[in-house]
Amino acid sequence: MAAETGTPQTNLTGHLLIAMPGMGDPRFEHSVVFICDHSDEGAMGLIVNKPSNDVDMPTLLSQLDIDQVSDLSERSVHFGGPVEMGRGFVLHTPDYHSVVTTLEVRDDIHMTATLDILEDLARGEGPEKWMMMLGYAGWAAGQLEGEIAENGWLVCDAAPELIFEMADMDKWEAALKTLGVAALALSSAGGRA
C-alpha cells in the first residue's frame, strides 16, 4: 500500500542509522547517520561521528573568505558522506533559522545548507549547538530499505544529546545502547526467523 500513498512504508526521517559490522563499505564503518529526508524517491542523511582529518572550521571559513570573529578553533568539520563532498551542511538546534532556508527535520533538530549560517557562526550568532559536515550520504528509491533488509543498518531514535554533545568516538556504541545492543554482540551475518 505504500506505493499508493506516495510515502515509504516506514519514514526514517529524523532517525539514526547505525552501521553494522561487515557492511562492506569502509566509508561507513562504525558510522552513525542522521536521516534528514526519507521518501519514496530515496533518502539523504549526514554522518554525525566522523570528523574530517583534512579541514577544520577556521580553514573552511578562510577558504570561503568568511571573516572569523568567534573562536571556532576547537570545532571540527565532519565527513557527512561520500556524495557532493564540496557541499556543506549544518545540523543544529532550532534556535537558529536561516533567512534563506532551513529544513526543520524534527522539532529539535534542523539542517541548514546555505552560506549564511557559516557567516553567522563566524560572528558568534549561530545556533547554540551545531555540527558542520561536508558531503552527505544518499540512497536511491528503495536502496536504503534494501540495505536495512540485508543487515547493513540498525535504526534507532535520534537524541539531540547524542548528536551534539557526545564525543564522536562514543556515538556508535551509545546509539547501539539505545537499542539495548552491545557492540561485542553484533555479527555481520544476518539471519531470518
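The values are calculated or read from the model by the stated rules, or taken from the named source; none is laboratory data. Please read these numbers as outputs of a predicted model, since none were measured by experiment. Heads up, the Cβs are rebuilt from the backbone with ideal geometry, glycines too, and the neighbour counts pull from every protein chain shown. These area figures cover heavy atoms from the full protein model, side chains too; ligands, DNA and RNA do not enter into them. Shrake-Rupley method; radii C 1.70, N 1.55, O 1.52, S 1.80 Å.
From the list GLU161, GLU145, the lone residue that is closer than 24 Å to ASN11 by Cα and either open to solvent by 80 Å² or more (accessible area, probe 1.4 Å) or of a type outside the set (Asp, Glu) (or both) is GLU161. Screening PHE34 against (1) farther than 28 Å from GLU125 by Cβ; (2) surrounded by 14 or more Cβ atoms within 10 Å (Cβ to Cβ) leaves a single unmet condition, (1).
Per the listing GLU150, GLU128, the residue uniquely free of Cβ contacts under 8 Å to residues at least 40 places away in the same chain, open to solvent by 60 Å² or more (accessible area, probe 1.4 Å) and farther than 16 Å from SER39 by Cβ is GLU128. Identify all residues within the range 112-123 that are open to solvent by 20 Å² or more (accessible area, probe 1.4 Å), touching a Ser or Thr at 6+ places or on another chain (Cβ under 7 Å) and under 26 Å from LEU12 (Cβ atoms); write none if there are none. Selection gives THR114 alone. Scanning the range 48-102 for residues that are open to solvent by 80 Å² or more (accessible area, probe 1.4 Å) and closer than 14 Å to ALA113 by Cα returns GLU84, MET85, GLY86, ARG87, HIS97, VAL99, VAL100.
Counting residues in the range 49-57 that are out of contact with any helix residue (DSSP H, G or I) (no Cβ under 9 Å at 6 or more places or on another chain), of a type in the set (S, T, N, Q), within 22 Å of MET169 (Cα to Cα) and without any contact (Cβ under 8 Å) to a residue 12 or more places away in the chain gives one or more. Of everything in the range 25-62 that is under 12 Å from the mean Cα position of the chain (by Cα) and not in a strand (DSSP E or B), the residue that is farthest from ASP108 (Cα to Cα) is PHE28.
Among the residues here, ILE109 does not qualify as more than 20 Å from SER31 (Cβ to Cβ), of a type in the set (Val, Ile, Thr) and open to solvent by less than 20 Å² (accessible area, probe 1.4 Å).
Of all residues in the range 148-162, those that are out of contact with any strand residue (DSSP E or B) (no Cβ under 6 Å at 6 or more places or on another chain) and not polar (S, T, N, Q) total 9.
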